[in-house]
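Have a look at the structure below before the remarks.
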């Protein structure tokens, strides 16, 4: 028997007790299509006008009779543990995708309802990668939307909206990248803020979350410990006013519920969230914790005291991420008419040097999967701890689909074990992705995590540090739009004593039909510790 929105309760946000399911197979909403195996997802519970309202996704409905016609429903109860009574119809119905083909529906997922304290009105956010995140006003009874919908975050980058108000701003927390790629899951949370519920929501650098070169300030991201894929969050405040972020994550050593494929195992974690200069930070920017710490403060005498939650190990957040000393022998300013002799040319990249830049047309090749036909330029660091940096100009345009043209940096062990930090075209968006490929269970696993917003000229940096306990190599990405202010992203690890070479790439032009772009690298700099 499957659980249909299981419910648990806690007095301290740490210790949880299962108390039942919101629905059973017999009490599913009448408009949920049982014949097509309708599932209910992503509940959001609010207390409004003396009743609890639970909003949730229904994956298959009777509204259209077509597959994938997902929608958002609402049920009410006098208590948070139910029983729940469905309202009888979708709050946000199925929305057709472009072209209107049967079964082509935008992803109407992940409801998030908030109340405007100024007007007392209720508002709902919803959506996912296919279609983006949208805002609608709710009717007073919460059973339908009123007026038009407004898109607040671009498609093909964001899902899982959580919205909160603080200091005159509305903050939109949204998850990005693949939630469920097993051992290479790079899911993470980015944030923008606005004075209006309808946006525009802008990140710390002033870039909108609703444009092609998509903004978003990384707020929750993996740091190289056991936890990867940290995303789809909510917030809670304890009895002394401390904010906590609750979220899904994946143990990279045990990513699946059973075996080595299928459904990803995503337990819930909790960590402190603080506000620094008007922006949220998880453990000072360190990301998920790994061992026990003092948990939320609860004054209820029936609660456990003190409560405990997952917490920081000493190696969770390396404090020294300075670039180090420039290794001039292994760096190249591209001021000569030809490459320096120490470059290793893999599969003969067709590059030209002129005017102080290395120019490289994006190849119709790739490095992921089994093809392994992309060219590379590589060098060997002289130490185990290093930083590589480049200044990249690439005109990927905006909006036009150019899957998956990209250029940037790579840390390469072999063609099936590497990380790459690229300015990349992902459908209609332009993002900076820090991806990893690795052998897993007799095959290959690839996933990426998203860093800061790109520009036509973007600075890229990868820093390598050796974990003092495991001796794994932790690779952390940084991006910049001006060369001085850097945004940190999520960390990938490579095995201890990996024979890493670092360098440049420019590939991924196949499949989109768009002409290739030209990547222009101003320099390649290697720093050592």
query = Looking only at segment 505-516, which residues are buried (at least 19 other Cβ atoms within 10 Å of the Cβ) and either at pLDDT below 95 or in contact with a helix residue (DSSP H, G or I) (Cβ under 6 Å, 6 or more places away or on another chain) (or both)?
reply = 508, 509
Residue under evaluation residue 64, criteria (1) surrounded by 17 or more Cβ atoms within 10 Å (Cβ to Cβ); (2) under 30 Å from the mean Cα position of the chain (by Cα); (3) part of a loop (DSSP other than H, G, I, E, B), criterion not met = (2)
query = Given the residues 206, 241, 215, 231, which is the only one that is within 23 Å of residue 277 (Cα to Cα), in contact (Cβ under 8 Å) with a residue 24 or more places away in the chain, assigned by TED's automatic domain parsing to the domain that holds residue 280 and in a loop (DSSP other than H, G, I, E, B)?
reply = 215
request  = Just need a number here: residues in segment 133-154 that are surrounded by fewer than 22 Cβ atoms within 10 Å (Cβ to Cβ), within 27 Å of the chain's Cα centre (by Cα) and in contact (Cβ under 8 Å) with a residue 40 or more places away in the chain.
outcome  = 3
key: Test result for residue 387, modelled with pLDDT of 95 or more, within 30 Å of residue 468 (Cβ to Cβ) and buried (at least 22 other Cβ atoms within 10 Å of the Cβ)   = yes
ask   = If we scan segment 171-190, do we find a residue that is without any contact (Cβ under 8 Å) to a residue 40 or more places away in the chain, buried (at least 18 other Cβ atoms within 10 Å of the Cβ) and not assigned by TED's automatic domain parsing to the domain that holds residue 431?
value = no
query = In this structure, does residue 98 turn out to be closer than 26 Å to residue 151 by Cα, under 27 Å from the mean Cα position of the chain (by Cα) and at pLDDT below 95?
reply = yes
task = Looking for whichever is at pLDDT 95 or above and under 19 Å from residue 14 (Cα atoms) here; the options are 265, 211. Which one fits?
result = 265
key: Candidates 384, 399, 359, filtered to the one that is part of a loop (DSSP other than H, G, I, E, B) and on the phi < 0 side of the Ramachandran plot   = 384
ask   = Is there a residue in segment 172-182 that is modelled with pLDDT of 95 or more, assigned to a strand (DSSP E or B) and either over 23 Å from residue 452 (Cα atoms) or in contact with a helix residue (DSSP H, G or I) (Cβ under 6 Å, 6 or more places away or on another chain) (or both)?
value = no
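The values are calculated or read from the model by the stated rules, or taken from the named source; none is laboratory data. If you're wondering where the values come from, they're calculated on a predicted model, not measured in any experiment. Don't worry about glycine lacking a Cβ; one is built from the backbone with ideal geometry, like all the others, and counts go over all protein chains shown.
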